[in-house]
Amino acid sequence: MPSSADAGTWRLGDRTVTRLGFGAMRLTGTRPFHAGVPRDRDTSIAVLRRAVELGVDHVDTAAFYFSRTRSANELINAALSPYPGDLTIVTKVGPVRDVHGDWAERPGPDGLRGHVEENLRQLGRDRLDVVNFRTGDDPDVAPYVAALAELVAEGLVGHVGVSAVTLDQLEAARAVTEVVCVQNRFSIDSADDLAVLRRCGELGIAFVPFFTVAGRARQGAPGEEPEAVLEVAAELDATPAQVRLAWTLALGEHVLVIPGTGSVAHLEENVAAAGLRLSAEQMARLSA
Ligand SMILES: NC(=O)c1ccc[n+]([C@@H]2O[C@H](COP(=O)([O-])OP(=O)(O)OC[C@H]3O[C@@H](n4cnc5c(N)ncnc54)[C@H](OP(=O)(O)O)[C@@H]3O)[C@@H](O)[C@H]2O)c1
């Protein structure tokens, strides 16, 4: 049976996770937010349970991941609680959607507390393992990260991460508190954030890319694949999604992937990528 452990492990603060995790955003609908058709509830629950069975112990989520009738946090709670002790749930705060699903005004630093509490309620936890501050228009991350650091001191949050940050914002956040991960958009066809990935490696903190599988399609389904991805997939009898994941994992031991899917078959395929190894020549061809 394939296992996410085949990709090895890395740390998120004091937690150890397998390097192939799971992103919960796609559990709520055929497209994120209110754009698609809400997913079948039993299928989404089956995806989460199968993920854990296959060794996934790092699940990425947010209170603002919801469609008309499904909430990622509620699905995680229903599928996985009582939570296994080795399961690390990473949430993010910053963006806000109102009950209609429209993007609402983002809170200032003081408002992050309420969003952390919302995640606690929905997940049914007393403490969130890791909370990422997802940046918006305000380039000054320091006060937001400081607000999360206060919640760490109070015991509501285990560790702080940052998302969608530049190198300067990462350093500004680190000047305020310990940062255990960076979650930025990065994929084989959208790999302009290599400097942040490398800096995380130097610091020994996790770099957690999103849109690894979807790539340039972002919130859509994966589109036409680059020629090199198709070639390597054929050589290895693998799928393009698996090649994308294996390429990303090979960039550094500190790189953790969180592919999102609402399909058990895709989940199993993605977890099997944990054991896929690319040759140096294939890596070079894909990176070019
Ligand atoms: N920090 C941020 O700002 C931010 C932004 C976006 C996302 N995220 C996080 O990152 C996670 C990953 O992003 P994502 O879920 O949008 O993108 P993704 O994992 O790169 O790709 C998901 C898309 O690929 C499809 N897919 C997944 N596995 C597949 C496979 N084996 N074969 C073919 N198609 C496959 C999914 O459709 P199916 O459902 O049909 O499989 C979906 O359309 C999210 O779940 C979320 O937790 C964070």
**Request:** Give the distance, in whole Å, between the Cα centre of segment 47-96 and the Cα centre of segment 137-206.
**Result:** 21
**Asked** Excluding ligands, DNA and RNA, what is the solvent-accessible area per residue of segment 14-71 at a probe of 1.4 Å, expressed in Å²?
**Response** 37
**Request:** Can you work out the accessible area per residue across segment 88-201, with the rest of the protein chains kept in place, probe 1.4 Å, in square angstrom?
**Result:** 42
**Given the chain, longest segment not containing exposed loop GluC sites (Glu not before Pro) (DSSP; at most 14 other Cβ within 10 Å)** = 1-104
**Message:** How large a share of the accessible area of segment 186-275, in percent, is made up of carbon and sulfur atoms when the probe is 1.4 Å and the other protein chains stay in place?
**Reply:** 48
**Asked** In whole percent, what relative contact order does segment 142-288 give with Cα contacts below 8 Å and a gap of six or more residues?
**Response** 18
**Asked** Ignoring ligands, DNA and RNA, what accessible area per residue does segment 209-253 give at 1.4 Å, in Å²?
**Response** 47
**Request:** Nearest 5 is fine: what % of DSSP beta bridges in the chain come out antiparallel, could you say?
**Result:** 25
**Asked** All other residues with a Cβ under 14 Å from the Cβ of Glu227 taken together, and with Lys, Arg as +1 and Asp, Glu as -1, what is their net charge?
**Response** -3
**Asked** In segment 55-119, carbon and sulfur make up what percent of the accessible area (probe 1.4 Å)?
**Response** 50
**Asked** Taking Cα pairs under 8 Å and at least six residues apart, what relative contact order does segment 1-122 come out at, in percent?
**Response** 24
**Request:** Could you list the trypsin sites (Lys or Arg not before Pro) in segment 183-288 that lie in coil according to DSSP, counting only those with at most 16 other Cβ atoms within 10 Å of their Cβ?
**Result:** Arg218, Arg277
**Fill in**
One quarter of the C-alpha convex hull surface, i.e. the mean projected area of the chain in nm², amounts to 13.7
**Request:** Enter the angle in degrees (range 0 to 90, nearest 10) between the Cα long axis of helix 41-53 and the first principal axis of the Cα atoms of the chain, meaning the one along which they spread out most.
**Result:** 70
**Message:** Once you keep just the Cα pairs under 8 angstrom separated by 6 or more residues, what percentage relative contact order results for the chain?
**Reply:** 21
**Request:** Could you tally the net charge around Thr177, taking each other residue with its Cβ under 14 Å from the Cβ of Thr177, Lys/Arg +1 and Asp/Glu -1?
**Result:** -3
**Request:** Give me the angle, in degrees from 0 to 90, between the Cα long axis of helix 112-123 and the longest principal axis of the Cα atoms of the chain, rounded to the nearest 10.
**Result:** 60
**Request:** Give the accessible area for Val165 in Å² (nearest 10); use a 1.4 Å probe, count only protein heavy atoms, and leave out ligands, DNA and RNA.
**Result:** 10
**Fill in**
Env charge @ Leu112, Cβ radius under 11 Å, K,R +1 / D,E -1, value 0
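The values are calculated or read from the model by the stated rules, or taken from the named source; none is laboratory data. What you see is a predicted model; the values in this text were computed from it and never measured. Methodologically, a virtual Cβ is constructed for each residue, glycine included, from the backbone with ideal geometry; neighbour enumeration extends over all protein chains shown. Each accessible area value is taken on the protein alone, full model and side chains, heavy atoms only, with ligands, DNA and RNA left out. Shrake-Rupley method; radii C 1.70, N 1.55, O 1.52, S 1.80 Å.
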